[in-house]
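*Asks:* After the structure tokens below, expect a handful of questions from me.
The values are calculated or read from the model by the stated rules, or taken from the named source; none is laboratory data. What you see is a predicted model; the values in this text were computed from it and never measured. Don't worry about glycine lacking a Cβ; one is built from the backbone with ideal geometry, like all the others, and counts go over all protein chains shown.
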Amino acid sequence: MHEKAAFPGMEMRLKVKEQDSFSIIGSRRTVSMVEKTAQGIFTLCGFLAILAVASITIYMLINGTPALLHVGIKEILFGTVWKPASAEPSFGILYVILTSIVGTTLAVCLGVPIGLLTAVFLAETAPKRFAAVVKPAVELLAGIPSVIYGLLGLMVLNPLMYKLELAIFKNSQTHQFTGGANLLSAVLVLAIMILPTVINISEAALRAVQPQIKSASLALGASHVQTIFKVIIPAARSGIITAIVLGVGRAIGEAMAITLVSGSSVNVPLPFNSVRFLTTAIVSEMGYAAGTHRQVLFTIGLVLFLFIMVINISLTKILKKEDKGQ
Amino acid sequence: MSSIMNKRIRFSELVVKLLIYMAAMVSVLLLVGILLYVFSKGIGSVNQTFLTTVTSTLNGTVGIAGNIVNTLYIIVITLLIATPVGIGSAIYLNEYAKQGRLVRAIEFTTEILSGIPSILFGLFGMVFFGNVLGFGYSILTGSLTLTLMILPLITRNTQEALKTVPDSYRSGALGMGAAKWHMVRTILLPSAMPGILTGVILAIGRIVGESAALLFTAGSGYLLPKAGAGILKKVLESGGTLTIQLYLSMAKAEYSTAFGIAVILLLIVLCINALTKFMARRLDVNKAL
């Protein structure tokens, strides 16, 4: 059909002739079909996020609750003895839950002040040349895989902790030596890992403070440091709270970095005890667990999931408040 | 003597300033320390055998070629699924959806999805993709799990990119008679491409560094795929990425292998970081035009 066009435009005319009728909007049916399919596919893609969260929630509940019914809610959540593999197994995860809460709290207490001060540095006091070094360093720290933090914790922190442990518990008869794999090492690793999150989000919050507020404070005679701590930080409060909440989420959910660093037995969360977190219990035992033991590990996952949900929902509440405030 | 021009320096303020500088130095020192320590310990184990063979007691070699290939498999498959879906979701949210409860629900769940710890994705992937759908410990299970994880990243980056495309482009295209999908395909996506690519590069970074979500989904296989049909079959076989191998080596106290892998991972992280920087600069240039 397609003869070679003798002159420009001829091909077009040939094509027009082929169709029965020519319309500038083309054939309506095919266009609207394509349009409808495209819209349908995009809508489907949008729904996938809802579907994913819904199915994760459902699966966590389905897999996490049988053990609670089976062993007993009280025995699991408030039991302190974790002996999943013995002849008379006991599945108390109270210490595991407490370890995650205590560990996360300590890590946040350590990481947030350093992170916030670094954010102040980047947003307020840094000379350009310094900021150009610190900012990329923070970005790179955020990108380092968590297993590498774990490797460094194991090779650098644990020996140091062991020395400290030997010095402190020299005369103790009751202390079980951990070789440095203890709560304190894990807390330090977690504090380092939440730094980038805290720094980036609080820096953005500090920068978003209206410059007039700062100028007003300076004009009233307050020094720069006074302005930062009495005016700018309070004004950026909600953003900083967001940073802290996200830091908590990151710390409580971290698994691979602290699995080997924190030791391998379930204990009361004291600084020099070998401990298990919610995450590390799953990582180190899921590989070989079976039966009730496996079900309880899913219950641990469910507890972690509930913590994360509470954190996420309080975060959206904070953000909503912030929106209303502005 | 005293003048309002003379700044009085308070001692306490000096201390605070010192603290601020010290805090800022923490990040820099940490990074430098980590890089120096890992490279000095690990560079010795990185050589040609390490990169091109698999660990074998028979041949007496220690190598991570299998893990490198697995990592590539997982990156490619995850991106093949997650990129179109993520972009589609962003297009829906930004171009098609009417603002309302539904959009808020999607944005909320996307937010939740990005907050869920990777170990929980791992548990879900193990049960759903591994057991219910029957893919077992395989590269496919791992990729599907990671797809859920990086979906928010790609959606959000695409959304941001779409938001920067001026509305005049849209009305211009529609005014000239383009249908909506045509407008999206020929005007919006090309304009948003740098932003989308940034999202994809960030996603690669996430995949390379991920471990907890893969331990119970992709497994720990370290062999190379067999030639021919084996290349496709590999998708349904267990395959541990570099991070998984690093974790396993560390747990088995094979520290020279662990540090060798750490060197490779850090190099990848550095490359990805440089690449995102480059993309960001290009984005700025585009915006300025």
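*Asks:* Take A:Phe169 and decide whether it is aromatic (Phe, Trp, Tyr) and within 28 Å of the chain's Cα centre (by Cα).
*Replies:* no
*Asks:* Something else about it: Quick one: which residue in A:Tyr162, A:Tyr149 is closer than 28 Å to A:Gly263 by Cα, away from chain B (no Cβ under 12 Å) and either of a type in the set (Phe, Trp, Tyr) or in a loop (DSSP other than H, G, I, E, B) (or both)?
*Replies:* Criteria check complete, one pass: A:Tyr162.
Yes/no per residue for (1) closer than 22 Å to A:Gly301 by Cβ; (2) modelled with pLDDT of 95 or more:
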residue: B:Thr109; (1), (2): yes, no
residue: B:Leu146; (1), (2): yes, yes
residue: B:Glu160; (1), (2): no, no
residue: B:Asp167; (1), (2): no, no
residue: B:Pro190; (1), (2): no, no
residue: B:Thr217; (1), (2): yes, no
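*Asks:* In this structure, is A:Leu106 closer than 29 Å to B:Ser211 by Cβ and surrounded by 20 or more Cβ atoms within 10 Å (Cβ to Cβ)?
*Replies:* Yes.
*Asks:* Name the residues in region B:228-252 that are away from chain A (no Cβ under 14 Å), part of a loop (DSSP other than H, G, I, E, B) and touching a residue at least 24 places away in the same chain (Cβ under 8 Å), would you?
*Replies:* Across region B:228-252, the qualifying residues are B:Glu237, B:Gly239.
*Asks:* Still on this structure: Does B:Ala229 satisfy being farther than 26 Å from B:Asn47 by Cα and within 21 Å of the chain's Cα centre (by Cα)?
*Replies:* Criteria not met by B:Ala229.
*Asks:* The conditions are (1) over 16 Å from B:Leu148 (Cβ atoms); (2) surrounded by fewer than 19 Cβ atoms within 10 Å (Cβ to Cβ); (3) more than 10 Å from every other protein chain (Cβ to nearest Cβ), and B:Gly66 fails exactly one of them. Which is it?
*Replies:* (2)
*Asks:* Could you run through region A:165-219 and say how many residues are touching a His at 6+ places or on another chain (Cβ under 9 Å) and either free of Cβ contacts under 8 Å to residues at least 12 places away in the same chain or assigned to a loop (DSSP other than H, G, I, E, B) (or both)?
*Replies:* Adding up the residues that qualify gives 2.
*Asks:* Among A:Ala52, A:Ala38, which is in a helix (DSSP H, G or I), in contact with a Leu (Cβ under 6 Å, 6 or more places away or on another chain), of a type in the set (Gly, Ala, Ser) and without any contact (Cβ under 8 Å) to a residue 40 or more places away in the chain?
*Replies:* The match here is A:Ala52.
*Asks:* Right, something else. So which of A:Arg276, A:Arg294 ends up being within 21 Å of A:Val71 (Cβ to Cβ), of a type outside the set (Ser, Thr, Tyr), in the same structural domain as A:Ile148 (by TED's automatic domain parsing) and not in a helix (DSSP H, G or I)?
*Replies:* A:Arg276
*Asks:* Right, something else. Hey, can you tell me all the residues within region A:109-146 that are surrounded by 18 or more Cβ atoms within 10 Å (Cβ to Cβ) and outside any helix (DSSP H, G or I)?
*Replies:* Once the filter is applied, which keeps residues that are surrounded by 18 or more Cβ atoms within 10 Å (Cβ to Cβ) and outside any helix (DSSP H, G or I), region A:109-146 yields A:Ala126, A:Ile144, A:Pro145.
*Asks:* While we're on this one: Is one or more of the residues making up region B:118-132 at pLDDT 90 or above and either in a loop (DSSP other than H, G, I, E, B) or of a type in the set (D, E, K, R) (or both)?
*Replies:* There is no residue in region B:118-132 that is at pLDDT 90 or above and either in a loop (DSSP other than H, G, I, E, B) or of a type in the set (D, E, K, R) (or both).
*Asks:* May I pose another question? For the structure I just gave you, tell me whether B:Phe129 is more than 14 Å from B:Ala203 (Cβ to Cβ), surrounded by fewer than 22 Cβ atoms within 10 Å (Cβ to Cβ) and touching a Ser or Thr at 6+ places or on another chain (Cβ under 9 Å).
*Replies:* No: the conditions fail for B:Phe129.
Conditions tested, residue by residue: (1) among the acidic types (Asp, Glu); (2) at pLDDT below 95; (3) within 13 Å of the chain's Cα centre (by Cα); (4) in the same structural domain as A:Ile144 (by TED's automatic domain parsing).
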| position | (1), (2), (3), (4) |
| --- | --- |
| A:Leu190 | no, no, yes, yes |
| A:Pro211 | no, yes, no, yes |
| A:Lys214 | no, yes, no, yes |
| A:His224 | no, yes, no, yes |
| A:Arg237 | no, yes, no, yes |
| A:Gly249 | no, yes, yes, yes |
| A:Ile258 | no, yes, no, yes |
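*Asks:* Quick check on my filter: what residues within region B:227-260 are of a type in the set (Val, Ile, Thr) and either at pLDDT below 90 or over 19 Å from B:Leu146 (Cβ atoms) (or both)?
*Replies:* Across region B:227-260, the qualifying residues are B:Ile231, B:Val235, B:Thr257.
*Asks:* Here's a follow-up. Of everything in region A:81-101 that's in a helix (DSSP H, G or I) and aliphatic (A, V, I, L, M), which residue is farthest from A:Ile258 (Cα to Cα)?
*Replies:* A:Leu94
*Asks:* Continuing with the same structure: Here is a list: B:Leu144, B:Leu113, B:Leu123, B:Leu148. Which entry is within 12 Å of chain A (Cβ to nearest Cβ), buried (at least 20 other Cβ atoms within 10 Å of the Cβ) and touching a Pro at 6+ places or on another chain (Cβ under 8 Å)?
*Replies:* B:Leu113
Rundown of residues vs (1) aromatic (Phe, Trp, Tyr); (2) free of Cβ contacts under 8 Å to residues at least 60 places away in the same chain; (3) not in a helix (DSSP H, G or I), yes/no style:
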| site | (1), (2), (3) |
| --- | --- |
| B:Met183 | no, yes, no |
| B:Leu188 | no, no, no |
| B:Pro194 | no, no, no |
| B:Thr198 | no, no, no |
| B:Ala203 | no, no, no |
| B:Ala218 | no, no, yes |
| B:Leu223 | no, no, yes |
| B:Lys226 | no, yes, yes |
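*Asks:* May I ask you to verify whether A:Gly263 is more than 9 Å from chain B (Cβ to nearest Cβ), touching a Lys or Arg at 6+ places or on another chain (Cβ under 8 Å) and in contact (Cβ under 8 Å) with a residue 40 or more places away in the chain?
*Replies:* Yes; evaluated as a whole, the condition is true for this residue.
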